[in-house]
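The values are calculated or read from the model by the stated rules, or taken from the named source; none is laboratory data. Note that the structure is a prediction, hence the values are computed from the model and not measured. Glycine also receives a Cβ, built like all others from the backbone with ideal geometry; neighbour counts cover every protein chain displayed.
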Amino acid sequence: MLIIGAGIAGTVLGIALARLGVACTVVDRGVDFRPQFRGEIIQPYGTLLLERLGLLDRVQSVGCARVTRFVSAFPVLDERPCAELRLDQSTDLPPYAVTCRHHLLYGALRTGLRQASGVELLEGWRVMGLSRRADGRWGVDLLDPAGGRARISSGLVIGADGARSLLHSVADFAVRTAEASTWLLGKVSRIAGPADATFHFCAGRRWVAYLFPVGKDTRRVSIHLPSEAVPRDREAREGSFARLLDDAGRALGVQSAGGEPVEVLQAVPAPVLRAGIRCRDGLCLIGDAVGTVNPITGHGLTLACHDAVVLADAITELGAARVQEQGALAERLAGVDAYRQAVQHYSDLLVEGCFAPWSDNRYRQLAAGFGAIPRLSLLLQDAPWLEQLIQTQRRISEILAARTEALAGDSQPQRRGCLPC
């Protein structure tokens, strides 16, 4: 079994398969980990998955932070409606989320993959092409770090290589792409004293900002804004971003935190991709190769872990022989994407609503509606968009609560799989 890509999804899949006694080869062209501005929060459900895979302690050992409190605020107007969600007081979710610098998270998981029994990790290798053999297996052409060529075969090839997966063209997966609809920028600041365990959400006019800890003494400010609000000229864009970071920082109270910026990362457009099929003809997609979700949702890392564990369970349940049967794996995975579909819908609603040119009155409605989301109790009249947003948030909560309950009831994950579907 071959996994292309050792990002979050590919790495977690390799470890999950190893725990279930399934040998695999993982190929990744990268060797080191450069700081990148990508997913940095694992939702409570994701922390539970990592715990059951024996990875949570490893992740937290590299300086990741726990988040037990979510707060939303709308500071543009003098009135400041806000809401608070306490995970440590919740009865249907794990008690905390985890936030971490992305390259540190990568490094911790990659170390776990290197140490996993039954996993062959080929770092610095590139996949040059795939072709179907007469026996139905896939022949995979590889290029090693020294430039030498090799060829291996596999009955199942799994694409965990991101939004531009090599498998998209090989198997003619139904892939729909679009121009990036939002931009993401951010700054990490070192603060005096320990960072608190709070994730702050703040909506301005046509921008959304997050403030959260990414270590024991560092915090991240990240900002999402619509592409049409980004100047085309590079110099004007950089000046606009700097002002926006300052504005968001003041709104979130960062100016009182102390400390100079550790880094200001280049803003990047958020990719949009939807793949309509997960498995076909001995090929599978997971993680961003299936579809990217806008970082504004904060669910990307958790979806990657979820995809990996669900696929590992399906492979283990079917067994090596049936996995290669035409349509067997696709049939086993049918219906497991309720979580991903809900998050994608939630993302579309957030982008549509948060970046609209709101009047003062509608902005107050938006603030009041967001303030109700953690309690899921308010449906505003004359605001169908907001009603859909709240209903979708409820749906995500119900899905994850049900899967958390199922996972908690699985007393022998090493035999039955990691996640009952």
Could you figure out which of (1) out of contact with any Asp or Glu (no Cβ under 8 Å at 6 or more places or on another chain); (2) buried (at least 18 other Cβ atoms within 10 Å of the Cβ) isn't true of V214? (1)
Limited to region 298-322, what total is found for residues that are free of Cβ contacts under 8 Å to residues at least 60 places away in the same chain and either on the phi > 0 side of the Ramachandran plot or buried (at least 24 other Cβ atoms within 10 Å of the Cβ) (or both)? 2
A careful count of residues in region 206-224 that are out of contact with any helix residue (DSSP H, G or I) (no Cβ under 7 Å at 6 or more places or on another chain) and either free of Cβ contacts under 8 Å to residues at least 12 places away in the same chain or not acidic (D, E) (or both) gives 10
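To keep it simple, each residue is scored yes or no on (1) within 18 Å of the chain's Cα centre (by Cα); (2) at pLDDT 90 or above.
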site: V59; (1), (2): yes, yes
site: V76; (1), (2): no, no
site: D92; (1), (2): no, no
site: P95; (1), (2): no, no
site: G112; (1), (2): no, yes
Single residue of region 1-46 satisfying the filter (buried (at least 24 other Cβ atoms within 10 Å of the Cβ) and among the polar types (S, T, N, Q)) that is farthest from W183 (Cα to Cα): T11
Residues satisfying the stated conditions in region 219-233, i.e. over 16 Å from D348 (Cα atoms) and buried (at least 20 other Cβ atoms within 10 Å of the Cβ): R219, R220, V221, S222, I223
Test: residue in region 168-175 that is at pLDDT 80 or above and hydroxyl-bearing (S, T, Y): yes
When only residues in region 331-366 that are at pLDDT 70 or above and among the basic types (K, R) count, which is nearest to the chain's Cα centre (by Cα)? R340
For region 56-74, what are the residues that are over 17 Å from T404 (Cβ atoms) and free of Cβ contacts under 8 Å to residues at least 60 places away in the same chain? D57, R58, V59, Q60, S61, V62
Could you tell me whether T25 is in a helix (DSSP H, G or I), of a type in the set (S, T, Y) and modelled with pLDDT of 90 or more? no
Taking only region 28-42 into account, find how many residues are in a loop (DSSP other than H, G, I, E, B) and either farther than 25 Å from F201 by Cβ or at pLDDT 90 or above (or both). 6
Here are the criteria: (1) in a helix (DSSP H, G or I); (2) without any contact (Cβ under 8 Å) to a residue 24 or more places away in the chain; (3) among the charged types (D, E, K, R). Tell me which single one E325 does not satisfy. (1)
Can you pull out every residue in region 159-186 that is of a type outside the set (S, T, N, Q), in a strand (DSSP E or B) and touching a helix residue (DSSP H, G or I) at 6+ places or on another chain (Cβ under 7 Å)? G159, V175, W183, L184, L185
